[in-house]
Each structure stands twice: as structure tokens, then as C-alpha cells.
1. Go through region 749-785 and give me each residue that's within 29 Å of the chain's Cα centre (by Cα), crowded, with 20+ Cβ neighbours inside 10 Å and modelled with pLDDT of 95 or more.
2. Between a first residue in region 75-96 that is in contact (Cβ under 8 Å) with a residue 40 or more places away in the chain and a second residue that is open to solvent by 30 Å² or more (accessible area, probe 1.4 Å) and not hydrophobic (A, V, I, L, M, F, W, C), which pairs have beta carbons less than 6 Å apart while being 6 or more apart in sequence or on different chains?
3. Which of (1) under 30 Å from K564 (Cα atoms); (2) not in a helix (DSSP H, G or I) is the odd one out, the single condition P762 does not satisfy?
4. Out of (1) within 22 Å of M542 (Cα to Cα); (2) out of contact with any Phe, Trp or Tyr (no Cβ under 7 Å at 6 or more places or on another chain), the odd one out for I472 is which?
5. Just checking, does region 463-473 include any residue being over 29 Å from the mean Cα position of the chain (by Cα) and among the basic types (K, R)?
6. Looking at region 61-93, which of its residues are open to solvent by 70 Å² or more (accessible area, probe 1.4 Å) and among the hydrophobic types (A, V, I, L, M, F, W, C)?
Amino acid sequence: MHIISQDAVNKFKNLVGLKFQLYNSLFTALPFQRIEKTGMLLTLLQSSCEEGYERNEHTNDIIDGFFKRHTIIEDEKEKINLLFRFVQFAERQVVLFDSLEDAAFSQVNDMQGKGTLKQLFTELDKESTFANLEKQVNHFCVRLVLTAHPTQFYPGTVLAIINDLAKALAGNNTQLVNMYLQQLGRTAFFKKQKPTPFDEAMSLIWYLEKVFYPATGKISEFMNKQLGFITAGMDPFIAMGFWPGGDRDGNPFVTVETSLSVAEALRGSIIKCYYLDVRKIRRRLTFEGVVEPLAALEKKLYNNIFIPGHRTNLTVNELIETMEGIRQTILQQHNGLFVNLADDLISKMNIFGLHFASLDIRQHSAVHSQVLGTISLQGKNLTPGYAALSKDEKIKALEAITFNKKITGLDGIAKDTLDTILAIKDIQQFNGERGCNRYIISHCQDALDVLELHALFVLAGGDKGQIMVDFIPLLETIEDLGNAYNIMEALYRNPLYKKHLAGRRNKQTIMVGFSDGTKDGGYLMANWSIYKAKKSLSALAMQYGLEVIFFDGRGGPPARGGGKTHQFYASMGKNISGEEIQLTVQGQTVSSQYGTIDSARYNMEQLIHAGISNKFLQGQDITLPQSREDLLQQLAGIGLQHYNQLKDHPLLVDYLLEISPLRFYSETNISSRPSQRGKDQRLLLEDLRAIPFVGSWSQVKQNITGYYGVGTSLQQMEREGQFDELKGLYKDSLYFRTLLDNCEMSLLKCFFPITANLANDPKYSELWWMIKKEYDLTLHYVLKLSGHSVLMEDYPVDRLSIQMRDRIVLPLLSIQQYALSKIRSTENTGDQIALKEKYGKLAMRCSFGIINAGRNSA
């Protein structure tokens with residue numbers, strides 16, 4: 001272990017581990033609904049679980065044994081009540097651990113070391129490329145897109161306590177810590193109602209205001225000092241995107257009214273941030289010729305946020321011109337005193353505009369087809385019988401569309417779709433073009449899917465060559481990724497779409513999704529398919545004189561594209577377009593990687609460093625030779641074949657429904673959108689969304705989408721005499737190494753003893769052993785390939801964090817499996833319906849602490 005790593009581990013142990021033990025003791029004084037000594041009993045249960053699993057005992061025996069040895073409770077309902085108290089207690093332990101990690105972040109992580117901007121400038125100076133950086137910054141951007149995907153179980157009230165608690169812990173303010181812990185003991189973790197899309201938006205706007213705005217400001221300040229003032233005419237090198245209120249795919253609760261309300265909230269929020277900044281800098285900029293325009297600017301901003309119903313045609317250019325005028329006055333008349341304050345605010349205005357974050361619209365391609373079919377029935381603006389036409393006939397019909405008159409007489413989804421397109425213009429008028437200029441097409445399988453959306457914009461009154469919106473196809477399944485080249489080539493050849501791209505600066509954004517890819521094809525093939533698609537699409541764009549930008553639909557865990565994300569971007573090489581880094585940030589990833597100003601700044605810098613170093617630094621332009629691509633293709637192919645055997649198992653969905661908390665996802669009230677796309681009573685794997693699919697595997701601690709097929713692939717390659725080649729690939733390729741590093745994280749988070757009772761289950765033993773054997777095989781070969789003695793050996797702090805968190809939630813994992821087994825037994829006998837419902841609620845509530853404790857998967 002490196003010295004710096006050992007130093008970080010020691011700091012983590014002292015600032016997080018030891019402090020957790022100290023402050024955790026304060027919980028023992030907190031009553032949980034009249035049950036005293038909950039913490040003491042929970043500690044006993046934790047010990048019972050650790051010792052029991054060590055002795056290969058089954059979960060039910062461990063829980064039952066605990067009640068017999070440590071309590072006098074015999075009534076089933078009283079047992080359930082105590083288990084609920086344990087869940088409440090453990091949930092709050094996780095919050096304490098989160099807060100301690102947040103408080104220690106800047107001390108455990110080297111804020112000026114590897115992957116930071118300070119290191120980047122040092123490296124660039126050594127490579128004599130510093131002079132080119134200003135040009136690169138003008139052409140490079142990191143876009144973080146916040147989504148409301150249901151991977152975060154904390155309500156807003158708890159998130160606020162975590163923020164305050166972290167500050168108190170960092171200051172060693174024991175009195176405040178004690179008060180906040182008491183507040184946690186009386187604050188509900190469970191939402192009685194599902195949030196609306198607007199509720200989800202407001203929760204994330206809190207992060208924009210309190211974290212991303214100041215963190216981005218600090219990065220801009222640093223860049224200004226290094227490069228000189230970054231002028232407002234340059235493209236922003238950081239951008240924020242936003243899905244709540246715009247993501248319609250499978251969410252019937254997102255309407256045009258929602259989109260307009262969220263856009264208005266974003267506009268009001270950023271104006272408020274500017275207003276507060278102007279008030280602060282007026283304390284320093286008290287000079288003649290500066291005071292008056294600053295005061296006028298403050299009043300203008302005030303009028304746009306604090307006067308009810310008052311919204312002027314304020315523009316970001318107007319704000320920037322005012323500040324640039326102030327800047328010139330300071331330079332020319334006041335010796336540049338405090339000019340950095342003006343520079344920093346101008347940089348923020350350039351980045352956030354009046355939109356704060358671009359509201360992305362997303363809809364399923366089938367909906368667009370359905371709407372066009374409905375419009376064609378009117379026989380006015382589109383060829384009658386459109387739905388029955390062949391693909392070529394449809395394209396001809398779409399190319400012939402012109403806007404004649406406003407379409408009326410629509411209702412339902414058809415009306416909302418067209419109204420949303422019209423609303424984009426309204427949002428752009430008040431929030432600027434960047435306020436809403438991206439439309440993502442889910443389940444995009446053909447060029448026709450993109451052309452249909454373009455036609456809807458024309459039908460809504462758009463000029464064919466002047467539609468100020470980027471159409472972004474989303475490719476997720478293995479088949480769609482494999483067909484990506486053909487889809488995009490057909491689009492680039494289409495004269496109508498060529499004209500559209502010319503109006504969008506010949507830039508094409510393509511979204512690739514990890515979640516459905518791993519669900520569809522397993523860990524290896526999903527990642528490799530994305531790599532191949534990016535490479536082929538980069539070459540295709542160059543062939544047509546276009547710039548392609550990849551937008552990654554990443555989640556928190558490695559199985560959904562998370563893990564060491566910045567390392568993937570640093571490893572892409574010169575054959576994959578890297579002009580921008582765009583990725584989704586969702587659920588626990590928001591709070592874990594961007595929950596504080598320090599962590600947000602650090603992780604944004606890691607992405608900026610990865611993108612720019614991949615383009616500039618020597619040695620980063622090495623690409624995989626064809627022989628090694630063939631090796632990876634062979635590896636992924638074996639993995640896909642083995643994963644498909646599991647995916648096609650007739651009992652797989654039943655296994656998840658009975659062994660995991662999958663059936664209870666819809667009851668958690670953490671998201672406004674349904675957990676499945678289809679409406680069939682019987683759940684089908686293809687209808688199941690990737691998040692509950694991956695999340696369910698993580699809660700039974702089997703994590704198949706993060707490793708299944710890897711062990712079998714490595715074993716077969718060894719049998720074929722190619723293991724030494726794989727060792728060479730692991731040593732030389734950061735891409736392959738990162739792929740395996742993230743696989744190690746998935747393996748480390750597995751724990752099969754909690755489901756070991758299934759080893760002899762008459763229904764599910766075959767499935768359980770399939771998964772367990774692949775886990776064992778992958779563990780063996782990953783360590784053999786890496787040369788590590790333990791998993792995540794190169795990331796000792798992350799490893800320690802995962803182990804500590806897993807220890808906290810071990811009782812929850814055990815209680816959840818205990819509850820699920822009780823449900824199965826009551827279903828088999830048909831008895832005790834009331835108890836079955838209680839056990840169902842217990843299993844569902846355990847999900848909160850288990851998922852929240854996994855925040856370091858991001």
C-alpha cells in the first residue's frame with residue numbers, strides 16, 4: 001500500500017470509524033416509540049448475525065435465536081414491533097456514518113492531488129501544452145444531468161439534517177451533534193405519499209443552490225486565476241442538466257404544466273443566487289461608477305424573484321453586460337481592486353444563465369409514433385393511415401410535412417406531447433435557449449424514431465432548418481448498441497436531418513445507457529458494447545464532418561455505469577470523441593459524490609481532469625490495438641452467453657419477486673414514476689426497469705449485474721491459453737483495469753450467507769447455486785488476474801467504508817430476509833394474512849437503510 005493511501009486510511013479510521021463509535025453511543029439515550037435500550041439490543045443482534053453467519057447458520061435461525069437468548073418476547077406482533085425499531089435505529093446509524101464521511105471528506109481526500117485541477121495544470125506545464133489549455137477549455141465541457149431516478153430513500157428533511165450534522169461533526173460541536181441526533185430520532189424517514197415530479201425537482205434544486213452553485217464558483221475562480229479571466233464569450237466548461245419535470249418516459253405524472261412549473265422554479269432559483277451574490281460583493285465594490293449599476297442590478301434581480309407574478313424579459317446577456325461594464329470600471333479607474341469578484345460572478349452567469357440547469361425532455365419513441373398515428377387520422381397535416389405505412393413510406397411522408405395550421409382536437413398523450421413541444425419555445429423565451437434545448441428519445445431503434453420526433457416539431461410550427469433543439473437518441477440494449485452505426489448513418493444521410501444538424505452547429509449528441517445494457521447483456525458485454533459503439537460512432541461522425549458528443553446514462557453502482565467513473569473517461573483514447581463529458585447523476589450519487597461543496601468540487605475536478613488529460617497528456621492517446629479488441633470481444637461474448645443462461649432461466653423473475661424486496665418497490669414512495677413500464681399483471685423481465693432490477697440484486701447481496709459471466713469468461717480464456725494476454729491487457733489498459741476494479745466493488749458488496757437457506761430450497765436451489773458458483777469463480781479469477789490478495793486492494797479507503805457500512809446494515813439485511821421468508825411461508829399455507837402484511841412492510845422498510853448505506857457505490 002502506498003504511504004499516501006495508508007495516511008488516508010488512518011485518517012478515515014480516526015475521523016469516521018472512531019467518531020462513529022463515539023457518537024453512536026449517543027443513540028442509546030434516544031427512545032424509539034417507548035421501547036428503551038433499542039441500541040443495546042441492536043448491538044446484540046449485530047453480534048448474533050456476525051457470529052451466526054460465521055457458524056454457517058441460516059438467517060431465520062439467527063433471528064429466532066436472538067429472541068430466545070436476549071428477550072422474553074414470544075408474541076409474533078411484538079417481535080415485529082421490535083424489528084421495526086431496529087430498522088429505525090439502523091437507518092439513523094447510516095445517516096450518522098454519511099455525515100461523518102461528509103465531514104471528513106476534505107481531510108481524507110487530497111484536494112490538490114491526483115485528478116484535481118491543480119495537478120492538471122502542473123502536468124500540462126511539464127508537457128509544454130499549457131498554452132493550448134485556454135482553447136481546450138473553450139471547447140470542453142462537463143455536463144452533469146440530475147435525475148429523479150429512485151435510488152435515494154432519504155426525504156428532504158433528512159438530507160438537510162445530514163448537511164447540518166456534517167458541519168457540526170467537522171467542528172467537533174458535540175452539543176449540536178447531540179441535538180441533531182435527537183432531531184433524527186423524531187424525524188420520519190418514510191414518506192406517506194409518493195412525491196410529485198415537482199417535489200422531486202425542488203429537492204434537486206436545493207442541491208443546485210447549496211452545492212453546485214458555490215462549488216462551480218470555486219472551480220471558476222481557480223480557472224480564472226490560472227488562465228486569466230475566462231471571457232463570457234467562451235462556451236461554459238461546466239453545465240448542469242435536469243430531468244425532473246421533463247422526463248416523461250413511463251411517467252404519466254409528468255405533464256406540460258409540470259415542465260413549465262419546473263422551468264420557472266429553476267429560473268427563480270438562479271436569479272436568487274445572483275441576487276445574494278450581488279448583495280455580498282456590494283460590501284467590497286463600493287467605488288464610484290460601480291455602486292450605482294450594482295444597486296440597479298440588485299433591484300432588477302429582486303423584482304424578478306420577490307414580486308409575486310412579476311416576470312420581466314430579463315436576459316443573461318443583459319446581466320453579463322452590466323457586470324462586464326462594472327469590471328471595466330474597476331480595471332480602468334480603481335486599479336483592479338476586487339476585480340476577481342466581478343470575474344467570478346460573470347463566470348457563474350456564463351455557466352448558469354437564467355436556466356440554472358437545462359431541462360431535458362425525454363419520451364419513449366413508441367409514444368411519438370402513436371401521436372403521429374393519431375394526427376394522421378385527421379387527414380390534414382399527415383398522410384392518412386400513417387401507422388400502416390412501410391418504413392420508407394413513413395420517411396417520405398415525414399419529409400413532406402409542412403406546418404399548415406395549428407393542430408386541434410387532440411387529447412391525452414397526443415395533446416400533451418404537442419403542448420410540450422410548444423412549451424419548449426416558452427421556456428427558451430424566458431430561460432434562454434439553454435433552458436430547454438435537448439429532447440432524448442428512449443428506446444431509439446431506428447433512424448425513423450428520430451425523424452418522427454423532428455416531424456412532430458414541424459407539425460407544432462417549427463421551421464425545418466431552425467428547430468433550436470438537439471434530438472438525442474438513447475441506445476441501451478445490446479442489440480441497439482450494435483446497430484448504432486447503421487441508425488446514425490441513416491440519419492446523417494437524410495437531407496432533412498442534415499439540414500437540422502447544420503442549424504445545430506453540426507453537433508450530434510448520442511445517449512448510451514448502462515442500466516438497461518447490463519440488465520440486457522450482462523456486465524462485460526454491456527460495457528464493451530458501449531465502448532465499441534462510441535468508437536464506431538466517433539469514426540462515423542468524422543467521416544461526415546460532424547462532432548459527436550456522448551451522453552452517458554450512468555447510475556450509482558458499477559452495474560449501472562458507476563464506480564470509478566472518471567477513470568473510464570480518462571481511458572477512452574484518441575479513437576473516441578471526448579470533446580465533452582456528459583453523464584446522469586442520480587439518487588445516492590447526488591448525495592454521496594455531490595452532497596457537499598468539497599465533494600462536489602473534488603468530483604467535478606476529477607471529471608474535468610479526466611477529459612482534458614485524455615486529450616492532452618502524453619501517453620493518453622494510446623488506443624487498443626485490434627488484437628486486444630478481439631480479446632475483449634471474445635471475453636464479452638463468453639460472458640454474454642453465460643449471462644443469458646441465467647437471464648433466460650424460467651424462475652428468474654419469480655426468484656426476484658420472492659427472495660428480494662422487488663415487489664415492494666412501488667410502495668416505498670420514493671419516486672413519482674412506476675417501477676415497471678408495462679401494465680401486465682404478471683411481471684415480465686423486459687418490462688422491469690433497470691433500477692429496481694439492479695437494486696433488488698443488491699439488497700439480497702448478490703449483485704449479478706456487476707460480475708455475472710466475468711469468472712466464466714476468464715476461466716475459459718485461461719483454458720484456451722490466453723490468460724497471459726489478459727494479464728498484459730490488465731497491466732497496459734486503464735479501460736480494462738477500471739472495468740475489473742468496478743467488478744471488484746460489486747464482488748465486495750456480495751454476502752451469500754444471508755440467503756444460504758436457499759442452497760437446499762426445492763424451488764430455487766438451482767438458481768442460487770448458479771449465482772453462487774459464478775461469484776466464487778469470478779472472485780478467484782479477478783484476484784488472480786489483478787494479483788491482489790483482497791478485493792479493492794488499490795482503494796483501501798473505499799474498501800474500509802464499504803466494510804463499515806455493511807456491518808451497520810447486516811442486521812437490516814438479516815431482518816429483511818427473515819421477513820421475506822415469513823411471507824413465503826404464509827403464502828404457502830394461506831394463513832396469517834395480517835402478519836403477512838406486517839412482514840411485507842418490514843421488508844420494504846429495510847430497503848431504506850440498505851440502499852442508503854450503499855452510497856459509496858457511486
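The values are calculated or read from the model by the stated rules, or taken from the named source; none is laboratory data. Quick caveat: nothing in here was measured; it's all calculated off a predicted structure. FYI the Cβ positions are ideal-geometry reconstructions off the backbone, even for glycines, and counts take in every protein chain you see. Side chains included, ligands, DNA and RNA excluded: accessible areas come from the protein's heavy atoms. Shrake-Rupley method; radii C 1.70, N 1.55, O 1.52, S 1.80 Å.
1. If the condition is that a residue be within 29 Å of the chain's Cα centre (by Cα), crowded, with 20+ Cβ neighbours inside 10 Å and modelled with pLDDT of 95 or more, then C750, I754, T755, I771, E774, Y775, T778, V782 are the ones that fit.
2. Hits for this filter: I80/K838; V87/R845.
3. Of the numbered conditions (1) under 30 Å from K564 (Cα atoms); (2) not in a helix (DSSP H, G or I), the odd one out for P762 is (1).
4. Going through the list (1) within 22 Å of M542 (Cα to Cα); (2) out of contact with any Phe, Trp or Tyr (no Cβ under 7 Å at 6 or more places or on another chain), I472 breaks only (2).
5. Within region 463-473, one or more residues are over 29 Å from the mean Cα position of the chain (by Cα) and among the basic types (K, R).
6. I72 - this is the single residue of region 61-93 that is open to solvent by 70 Å² or more (accessible area, probe 1.4 Å) and among the hydrophobic types (A, V, I, L, M, F, W, C).
To keep it simple, each residue is scored yes or no on (1) surrounded by fewer than 22 Cβ atoms within 10 Å (Cβ to Cβ); (2) within 23 Å of R737 (Cβ to Cβ).
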{"position": "G503", "(1), (2)": "yes, no"}
{"position": "T509", "(1), (2)": "yes, no"}
{"position": "D516", "(1), (2)": "no, no"}
{"position": "G521", "(1), (2)": "no, yes"}
{"position": "N527", "(1), (2)": "no, yes"}
{"position": "L546", "(1), (2)": "yes, no"}
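This table checks each residue for (1) out of contact with any Lys or Arg (no Cβ under 8 Å at 6 or more places or on another chain); (2) farther than 17 Å from M770 by Cα; (3) assigned to a helix (DSSP H, G or I); (4) touching a residue at least 60 places away in the same chain (Cβ under 8 Å).
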| residue | (1), (2), (3), (4) |
| --- | --- |
| I691 | no, yes, yes, yes |
| S696 | yes, yes, yes, no |
| T705 | no, no, yes, yes |
| Y708 | yes, no, no, yes |
| S713 | yes, no, yes, yes |
| E718 | yes, yes, yes, yes |
| D724 | yes, yes, yes, no |
| K727 | yes, yes, yes, no |
| Y730 | no, yes, yes, no |
